[in-house]
Each structure stands twice: as structure tokens, then as C-alpha cells.
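Student: Pasting a structure here, questions to come.
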Amino acid sequence: MTIRALLLEVADTYDPKAGTRTHVPGQRVLRDVAKRADLGLPEGLMVAGYGGQTTAAASPWIGVFDKAINTNPKRDLYLAYIFSTDLTSVTLTLQQGVTELSEKIKNKQPFLAHLRRHAARLAAALPPSLAEDWNHRPALGGGKRPEAYAAASVAARRYEIANMPPEEELQQDLRVATSLLQRAAAAESAWRAARDEDELDVPVLPQQRTSGEEGGQSSEPSTAGAATASPAPGVRPAGFKPRDSSDYIAHIAAHQQVKSRKHEELIKDFAAYISKRDYTPNNQHVHPKDLTLQQSDAGQAPTPDGPEWLVEAKVVRRGRADAAVREAIGQLREYSYFLYREKKLPVPQLIALFSEDIGVFAPYLEDQGIAAIWQTADGWAGTPTAAAWGMVD
């Protein structure tokens, strides 16, 4: 059997109203998928069909797992052919596991927002040419699981059942998707490694309110029982307020981030420094951004409609400049798109700020259109673009 024949058979036989018993034709086809050895899969992949357990699934699907990455559909990354609820189309998607996360984040909107945000982060790590070809946003139909699958999609390609491509095209697409899966898994691994001691996602309880966003809610963490950090001597720009540099939890939609002492000290030190170079730093009401800059003239306030610089700060952990750089690129691209371009706002200049020299990654960031600045024993250094802006010597 070919992949094409399998997809057409599922679409033809599956009936969500028929239940999940073993004699149901569509369920039998899906259960037998794992036994098939005639689908021409690339080496290292395994497949399994899913049609629900007690209740038939609204969207049946076939999981394709890279055994070196993940074989558990409840978490992490895998590929899936997910059928729309009306069975008129099937989408090959690079998918995040949703089951375990749904048990941690009970509220629907924070849950879906978390999936979309992480999908955008991972998509930013894919090759631009391939990401453009695989930028389909699945529309699988209504229902809890179909909506979750759509939100969890990192990259996807849709096929109409009535116009299913030939087997050769499906096989080629599967090989490209496998490559995307491997790249996304590597990016996620680096992101998690960088996050261990710097930014840790903790599910928000349903009764908690999201804080730190624009619109009147405070962006300051609770400091009960903690000493208040002293601001940098002589530096208190109107839009910048040094945060407590002891560890704290900042509430963000769908999750919390544990920010480290070093992260906040890096931002505070840089704000004090850049203020002396005719730039006004701002970290008030800009969440989830770390910092924004506007140029000022001889101590004058910047003009409201002037150009803006978006700064993402990263502490380099255990010498892993590569992990810090990947995370900075992902977040800068994500914020630039969702917080500026999608809102029809002028796109900012991008700056990646680091706690130490990032070596060979400096010219790489320049090539990506991102200036880099890092802290040194004597002050601050950076890439040619940062120097051209007068931010470093």
C-alpha cells in the first residue's frame, strides 16, 4: 500500500459516529497502520493511526515519528497526517504534542496561545525558503482537539482528498517534513538548554490573571519578602525602572517565566550604559519585550514617532553561545512579526544583547539583520551595525 492509498482509505472508511470498536472499518484501518511495512517511509521513521479510544476522534490522524526524536504523541514534536472533521482534506503537519500540556493549562485561550507562541518560535528556526513553502495554517474544523492541533502546527501542507497528489509528491513532501522535524527538534533542544537556568515555563493556574501587559496592569513582580534592588547610580530614565535583580516570577499569558538575577542585571547595566549615548531605554509596559530604545538628542526626550530599537537580552550559560543566539533570533523575529508587523506598526531595528562575547556568532547575526552587543570586562562591545548606531565604539 502507498501513503496515498492509505490516506484515501481512511477518508473513505472513517465514521466518527460508528464508535471505536475493533470491527468498525475506519478504526480497523487506523489500528493496522502501525503494522504496515509497505509505506515506503524513510529509515528511522515509524507510524501509528489514531481514531480515539472511548469516543471516536473528530479528526482522525496518522502519526509519523522519528525514533531518534520522539515516539510519544502526548508531548514533544512529531509529524502527523491530520484529517479535517469533514474528511475532505488531510494536512501533513509538524506538530507539537498537546495532551500533556492540556493537563497543565486548563483554560482554552491561554492553552491555544501557548501552542501558537511556541509554534512561531520553532518556525523561526526553520530555513526561510522551506518555512515559506510550509506556512499553511491548518483549518481542521471545530472541536477541542482539532483546534489544539491547528494551534500546535509549526509547519504544514494541506491535501484535498478529491485532488490527492501522486505518491511521488507525497513521498517527497514527507522527506522534507522529516528534515523540518529534525531542525525544529534541534532548535527546541537548544531552547530548553538555554532556558534551564534563565527562563523556565511554569503553567499558570486557571484562576490567575495575566499581569505585566499593557492596559493598566502592573508589569512588576511581587517582591514580598525580598530586598529591593538599588537602581544604577544616577540613571533613572523616565521610561526605565530597574527591576529587582533577585530571582522572581513574571506572569505571561499561558505561562510564567522565572527570570534569573543575571538576566535582570544585564538589562539594568546596559540601560545605564546606553543612556549615556543619547538613547532612552524603556522597559515599562512593553511586556513581553525585554527592552526598547529610542534615540534622544543631547538629553532631550525622544519623539514619540521616532525609530525604535528592540532589544532581547540573553545570558550565555556554560559557554553555550549557540543556544543563546538561537533563542535571541527566535524571539526577536517572533516579536518583530507579532508585536509590530502584524499590528501594522513600524518594524524596529533588532538588537541581541549578551552577557559575554559570542565569538563567531557575531557576523552570523549581522548576516541575519540583527546587531549584537555584549558585555566585556571593560564595558561593552558589538558588531559593526551597533557601532554605526553609536552604541559601541
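The values are calculated or read from the model by the stated rules, or taken from the named source; none is laboratory data. For clarity, every value in this text was computed on a predicted model and none was experimentally measured. Don't worry about glycine lacking a Cβ; one is built from the backbone with ideal geometry, like all the others, and counts go over all protein chains shown. Keep in mind that these areas ignore ligands, DNA and RNA; they rest on the heavy atoms of the full protein, side chains included. Shrake-Rupley method; radii C 1.70, N 1.55, O 1.52, S 1.80 Å.
Student: With r as the distance between the Cβ atoms of Lys104 and Glu9 and R0 = 45 Å, compute the FRET efficiency 1/(1 + (r/R0)^6) and round to 0.05.
Tutor: Calculated value: 0.80.
Student: Also, quick follow-up: In whole Hz, what ³J(HN,Hα) sequence does the range 357-366 give by Karplus (6.51, -1.76, 1.60; θ = phi - 60°), x for Gly and Pro?
Tutor: 4, 9, x, 5, 7, 5, x, 4, 5, 4
Student: For Glu356 and Gln284, what is the calculated FRET efficiency with R₀ set at 25 Å and r taken between the beta-carbons, to the nearest 0.05?
Tutor: Efficiency, from the Cβ-Cβ distance: 0.40.
Student: Okay, next question. Mind checking the range 1-43 for trypsin sites (Lys or Arg not before Pro) that DSSP puts in a loop (not H, G, I, E or B) and that have at most 16 other Cβ atoms within 10 Å?
Tutor: Of the trypsin sites (Lys or Arg not before Pro), the ones in loops of the range 1-43 whose Cβ has at most 16 other Cβ atoms within 10 Å are Arg21, Arg36.
Student: Also: So how strong a dipole does the range 264-393 carry about its Cα centre when Lys and Arg Cβ are +1 and Asp and Glu Cβ are -1, to the nearest 20 debye?
Tutor: 360
Student: Still on this structure, I have one more. Can you give me the long-range amide H partners of Ala57? Hydrogens built in the peptide plane at 1.01 Å from N, cutoff under 5 Å, separation of 5 or more residues or another chain.
Tutor: Answer set, sorted by chain and number: Gly52.
Student: Counting only protein heavy atoms and using a 1.4 Å probe, what share of the accessible area of the range 10-157 belongs to carbon plus sulfur, as a whole percent?
Tutor: 49
Student: Looking at the range 293-391, which GluC sites (Glu not before Pro) are DSSP coil and have at most 10 other C-beta atoms within 10 Å of their C-beta?
Tutor: Glu342
Student: Right, another one. What residues qualify as long-range amide H neighbours of Val64, i.e. H under 5 Å apart, gap of 5 or more or another chain, H built at 1.01 Å from N?
Tutor: Under 5 Å from the amide H of Val64 lie the amide H atoms of Leu79, Ala80, Tyr81, each far enough along the sequence or on another chain.
Student: Work out the charge dipole of the range 332-393 with +1 on the Cβ of Lys and Arg and -1 on the Cβ of Asp and Glu about the Cα centre, then indicate which of Leu350, Tyr337, Gly379 is farthest towards its positive end.
Tutor: Projecting each Cα onto the dipole axis, the largest value belongs to Tyr337.
Student: Once phi is turned into ³J(HN,Hα) by the Karplus curve 6.51 cos²θ - 1.76 cosθ + 1.60 with θ = phi - 60°, what whole-Hz value does each residue of the range 341-352 show in order, with x for glycine and proline?
Tutor: 4, 5, 8, 6, 9, x, 6, x, 6, 10, 10, 9
Student: Let me ask you something else. Protein chains only, probe 1.4 Å: how do Ile267, Ile161 rank by accessible area, largest first?
Tutor: Ile161, Ile267
Student: Roughly how much of Lys106 is accessible, in Å² to the nearest 10, using a 1.4 Å probe?
Tutor: Result for Lys106: roughly 130 Å² accessible.
Student: Can you pull the one-decimal nm distance between simple spin-label points at Met46 and Lys343, each 7 Å off the Cα toward Cβ?
Tutor: 4.6
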